[in-house]
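Let me begin by presenting the structure, written as structure tokens, before commenting on it.
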Amino acid sequence: MDAFSANSIIVAEDVSITYDGRIAVSNVNLSVDAGDYLCIIGENGSGKSTLMKGLLGIVNLADGCVRLTCLQRSQIGYLPQRTPAQRDFPASVFEIVLSGRLNRQGVLSFYTDEDRAQVRENLAYLQVDELADEPYRNLSGGQKQRVLLARALCASERVLMLDEPVAGLDPIMTGELQMLLDKLNKERKLTIVMISHDVVSAVRCANKILHMHKSPLFFGKTADYVETDIYKKLVACIHV
Amino acid sequence: MYNIVELFQYSFVVRALLVGTLMSICAALLGVSLVLKRYSMIGDGLSHVGFGALAVAMALNLVPLYVAIPLTLLAAYVLLKLGECGRLKGDAAIAILSSSALAIGIIVVSCTQGFNADVGGYLFGSILAVSKSDVYLGVGIALLVLVLYVVFYNKIFAITFDESFARAIGVNTDRYRTLLAALTALVVVVGMRIMGAMLMSSLLVFPAITAMRIFSTFRCTIICAATVSVVCLLAGLLGSLLFSIPTGASIVMANLIAYALARVVGR
């Protein structure tokens with residue numbers, strides 16, 4: 001398949017992952033090139049989040065391997081699903097975004113002025129610089145996601161992995177966030193791997209699609225995906 | 001006023017003040033992370049295990065802390081692992097472990113010496129209970145906690161806020177979680193001399209939730225929690241001496257008042 005190429009930066013080979021004793025992901029093969037925009041779609045419980053955690057090394061693989069080329073695992077910016085504990089967490093936006101620079105620290109981790117400057121730059125790029133001193137818990141859902149995106153950008157200038165970043169956002173905020181990601185992909189040449197529920201916008205933004213159902217139903221270029229029966233059925237369901 | 005100055009002439013008061021202040025600072029620092037990570041009840045579980053261990057040590061004529069420290073550390077590790085593997089829910093695991101340890105302690109106590117003043121002190125705290133060796137241990141543990149907290153502050157923040165993200169960018173979260181549990185166990189064992197096994201967890205939880213009411217940055221919350229913790233401890237110790245009430249209960253009341261005030265002035 002031409003979705004696999006020689007200059008891939010992330011390659012998964014026959015990856016299987018068990019979760020709570022059950023197989024959550026089986027036999028996934030995929031490759032991500034520098035500059036790719038890969039959307040992972042699929043139903044709830046189809047193993048999308050678990051696969052992403054496997055790629056990041058947060059969960060152990062039961063089988064197979066993930067190979068990174070010219071890229072270290074800690075150099076991937078991750079935007080996880082939000083946890084309930086974060087709702088009333090006492091932290092300023094600046095403190096949270098600064099924690100993205102932790103992967104540049106050794107055992108003794110103290111931030112430098114350069115780290116702080118980088119935080120301000122990323123906040124400005126995402127148009128939330130005026131929120132720097134605001135308490136995180138007072139922000140709206142869309143603002144929170146931009147802040148977490150800024151943290152992910154502080155962790156990596158090359159690859160972002162996003163786990164349903166638009167979940168729970170209203171349509172306007174969803175559109176804005178998607179435009180931002182598009183801009184990051186095109187302007188900053190950031191490689192993006194994103195889990196999404198929204199097939200229509202996934203097909204519009206991404207150049208590659210992985211359709212998961214524990215194992216991949218489809219992996220390849222978006223142009224090929226829209227010709228498949230899986231996609232046509234899915235779209236037919238949406239438009240009924 | 002004269003009475004208060006006179007109190008400091010008693011060495012047991014000075015010892016209780018010193019160890020109490022240090023432990024309340026440590027408990028407040030660790031408590032913020034425990035509360036935010038929804039591990040609030042871990043202090044309760046650990047202090048009950050500590051009581052069981054003390055009871056067994058007394059019955060066997062061993063030095064209490066030599067038995068209590070390793071057993072409580074072990075309990076901290078077991079609690080973390082039980083919470084992780086998901087077969088037994090974390091809070092249920094703590095409830096089972098803490099009530100079992102308390103039951104063992106009560107059985108051992110009633111079979112050997114019966115309920116005397118010493119046992120009362122272990123359960124509800126006593127200002128008389130802090131010995132010279134407790135002071136050395138308390139100072140050592142406080143130094144350890146404070147140094148590690150400052151050195152790993154940024155990592156502790158990242159893990160407390162978002163463990164998945166911290167792991168993704170290469171922080172060994174298991175190591176820091178184990179460290180947090182181990183330090184909590186040490187603080188609980190020493191702190192429960194003053195607070196008592198039944199009330200020790202309040203020293204971890206109260207200052208944190210009081211501070212979270214008032215401040216909304218992590219750094220300010222931590223500094224405020226430590227300050228509130230020390231002020232309440234001093235007020236509680238004073239109340240305990242002036243009104244002859246058990247120390248632990250008196251300190252909890254001071255914390256309750258502080259929390260009520262924070263609710264009024266906070267957000």
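Yes/no matrix, rows are residues, columns are (1) buried (at least 23 other Cβ atoms within 10 Å of the Cβ); (2) within 14 Å of another protein chain (Cβ to nearest Cβ); (3) in a helix (DSSP H, G or I); (4) modelled with pLDDT of 95 or more:
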position	(1), (2), (3), (4)
B:175	no, yes, yes, no
B:182	no, no, yes, no
B:190	yes, no, yes, no
B:208	yes, yes, yes, yes
B:223	no, yes, yes, yes
B:234	no, no, yes, no
B:242	no, no, yes, no
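Does residue A:149 satisfy the condition of being closer than 22 Å to residue A:169 by Cβ, open to solvent by less than 40 Å² (accessible area, probe 1.4 Å) and more than 8 Å from chain B (Cβ to nearest Cβ)? So residue A:149 passes the test. Among the residues making up region A:87-110, those that are at pLDDT below 90 and not in a helix (DSSP H, G or I) are A:105, A:106, A:107, A:108, A:109, A:110. Against the list (1) in contact (Cβ under 8 Å) with a residue 24 or more places away in the chain; (2) part of a loop (DSSP other than H, G, I, E, B), the condition residue A:127 fails is (1). Looking only at region A:44-71, filter to residues that are at the interface with another protein chain (Cβ under 8 Å from one of its Cβ atoms) and over 13 Å from the mean Cα position of the chain (by Cα); which one of those is most open to solvent (accessible area, probe 1.4 Å)? This residue is A:57. When region B:28-47 is limited to residues that are closer than 13 Å to residue B:199 by Cα and open to solvent by less than 20 Å² (accessible area, probe 1.4 Å), the one that is farthest from the other protein chains (Cβ to nearest Cβ) turns out to be B:47. One residue stands out in region A:21-43 among those that are open to solvent by 60 Å² or more (accessible area, probe 1.4 Å) and without any contact (Cβ under 8 Å) to a residue 40 or more places away in the chain: the one that is nearest to residue A:205 (Cα to Cα), namely A:22. Being assigned to a helix (DSSP H, G or I), out of contact with any Asp or Glu (no Cβ under 7 Å at 6 or more places or on another chain) and not aromatic (Phe, Trp, Tyr): is that true of residue B:171 here? Answer is no for this residue. Considering only residues in region A:59-86 that are touching a Ser or Thr at 6+ places or on another chain (Cβ under 6 Å) and in a loop (DSSP other than H, G, I, E, B), the one that is nearest to residue A:23 (Cα to Cα) turns out to be A:62. Where residues in region B:244-261 are of a type outside the set (A, V, I, L, M, F, W, C) and in a helix (DSSP H, G or I), which of them is surrounded by the fewest Cβ atoms within 10 Å (Cβ to Cβ)? In this case the residue turns out to be B:259.
For residue B:134, the conditions (1) outside any helix (DSSP H, G or I); (2) in contact (Cβ under 8 Å) with a residue 12 or more places away in the chain all hold with the exception of (1). The residues of region A:118-143 that are open to solvent by less than 60 Å² (accessible area, probe 1.4 Å) and more than 12 Å from every other protein chain (Cβ to nearest Cβ), listed by number, are A:118, A:119, A:122, A:123, A:124, A:125, A:126, A:128, A:131, A:140, A:141, A:142.
The values are calculated or read from the model by the stated rules, or taken from the named source; none is laboratory data. Note that the structure is predicted; figures quoted are calculated from it, not measured. Using ideal geometry, Cβ is built from the backbone for each residue, glycine included, and neighbour counts are taken over all protein chains shown. SASA here: full protein model, heavy atoms, side chains in, ligands and nucleic acids out. Shrake-Rupley method; radii C 1.70, N 1.55, O 1.52, S 1.80 Å.
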